Structures are given as structure tokens and as C-alpha cells.
Amino acid sequence: MWSWLAVSLSGFGAVSGTKHGHKTQSLFYKVFTFVLLATIVLTQHPIQEYSYWIAGGLFVSAIADAFHTLTKKRALYFFCFLLAQLCYSKAFWVQLSGELVWWLLALLLAASVVAFFLLLPQLDKVVFPVVIMGIMLIQLTWAAAEVWLIESTMNHAIGLMGCIILSLSALASALNRYRKPLTRAYMWVTGSYFFAHGLIVASVVL
């Protein structure tokens, strides 16, 4: 309980720092939040193989936020973001066995195509990175949904919800940057981003 309270307070500090434009404060609390979440994952008993993949995703996410704040080289941040999603995806894929549900992938692709064409007029030179990020988030959500369909427990539902919210957070960030600034974007983008990570972690420790 206390560990989750610490995560909540640290996440609030990150959102507050983003709101007021305090980059140092925001970065500190972002990294600290990821460290707390990774600690929760690695101190659970017993630790499973997928726990290490989620912990790896958290550490890479912390590095991604550091690059995003400290350097103007977006390629580094983008690469780390993709790598973190790969780690999370692996955590879900290793839990699967048997046949895949292809209609689920088709449904996710259809939703993604709608979102893509919604953003297309403003994307210009960043079409390729957005497509790559979209593919990564689609397969992450697909993996989490497959796990939930095989065993419809509360934990797996929480994991799926975390992946969906992470995808929506990325969509909100893209809308805010390329289409129309969102009201209180700092809260919707940063808040949902950390809430998603928290749900993914909760899915393996609760």
C-alpha cells in the first residue's frame, strides 16, 4: 500500500512539474516513479520471467524521458520509447500458448487506421515514425488482449487496460502536438502515461 502511495505522489510531482514548466522537477519525478514501479515488480514473490521484461521496460522508459528532457535528438527518445514497448510486449507474449485470435488484430488495425487518417493532414514529415509507433502499440495491445482472452482474470484485465490507456496517451500526445492543442494536455498526456505504466505493473503484482 505504501509503495503505491509513493508512486502516486511521485507521479503527481511529475504532472505538476510538467504543468509549471519545471523540467528538472518533472524529470526527477518521472525517473523516480519508474524506479519505484520497477522496485515493486522486482520485489514481488515469486518473480516470473515476464516480471523482468516489465522491469526492463520501466528502466528504458526512464531513459527515454531523460532523453526527451535533456536532448533535442528526438530519435533517441523515439527509439527508447519503441524499445520499452517491445519489453512490455515480450512480457505478454511469453504468457501465451496456443492459437492467436486474428479478428482481434483486425479490430485494432481498423481503429488505428481511423486514428491515422484523423492525424494525416498534420503529420507531414513524421508519417513514418507515427506509423512505426502505431504498429508497436497495436501489437502490444493485441498481446495483452490475447492474454486476457485466454484467462479472463482481473490481473489480465488490468494489464489490458494499461496497454489501452498507454495507446490513448500516445494518441492524445499526437493530437496535442500535430492537430489541435488539448486543454490541460499536461494532465491528460502525462497523467494517463504514468497511470498506464502503473496498471501494467499492477497486473503482475496484485
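The values are calculated or read from the model by the stated rules, or taken from the named source; none is laboratory data. Computed from a predicted model, the values in this text were never measured in an experiment. Using ideal geometry, Cβ is built from the backbone for each residue, glycine included, and neighbour counts are taken over all protein chains shown. For accessibility, only protein heavy atoms count, side chains too; no ligands or nucleic acids. Shrake-Rupley method; radii C 1.70, N 1.55, O 1.52, S 1.80 Å.
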Checklist outcome for this item: Only one of THR18, THR43 is over 24 Å from VAL94 (Cα atoms) and β-branched (Val, Ile, Thr), namely THR18
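Only one of PHE78, PHE34 is in contact (Cβ under 8 Å) with a residue 60 or more places away in the chain, touching a helix residue (DSSP H, G or I) at 6+ places or on another chain (Cβ under 7 Å) and either of a type outside the set (Lys, Arg) or closer than 29 Å to ALA143 by Cα (or both); which?
Result: PHE34 is the single residue among PHE78, PHE34 that is in contact (Cβ under 8 Å) with a residue 60 or more places away in the chain, touching a helix residue (DSSP H, G or I) at 6+ places or on another chain (Cβ under 7 Å) and either of a type outside the set (Lys, Arg) or closer than 29 Å to ALA143 by Cα (or both).
Within segment 48-84, track down each residue that is in a helix (DSSP H, G or I), open to solvent by 60 Å² or more (accessible area, probe 1.4 Å) and among the charged types (D, E, K, R).
Correct list: GLU49, ARG74.
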Item to check | Which numbered condition THR24 fails, given (1) in contact (Cβ under 8 Å) with a residue 12 or more places away in the chain; (2) open to solvent by 40 Å² or more (accessible area, probe 1.4 Å); (3) among the polar types (S, T, N, Q); (4) in a helix (DSSP H, G or I) | outcome: (1)
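For the subset of segment 89-121 comprising residues that are in a helix (DSSP H, G or I) and of a type in the set (Val, Ile, Thr), which member is most open to solvent (accessible area, probe 1.4 Å)?
VAL114
What number of residues within segment 5-21 satisfy the criterion of being in a helix (DSSP H, G or I) and open to solvent by less than 70 Å² (accessible area, probe 1.4 Å)?
Adding up the residues that qualify gives 10.
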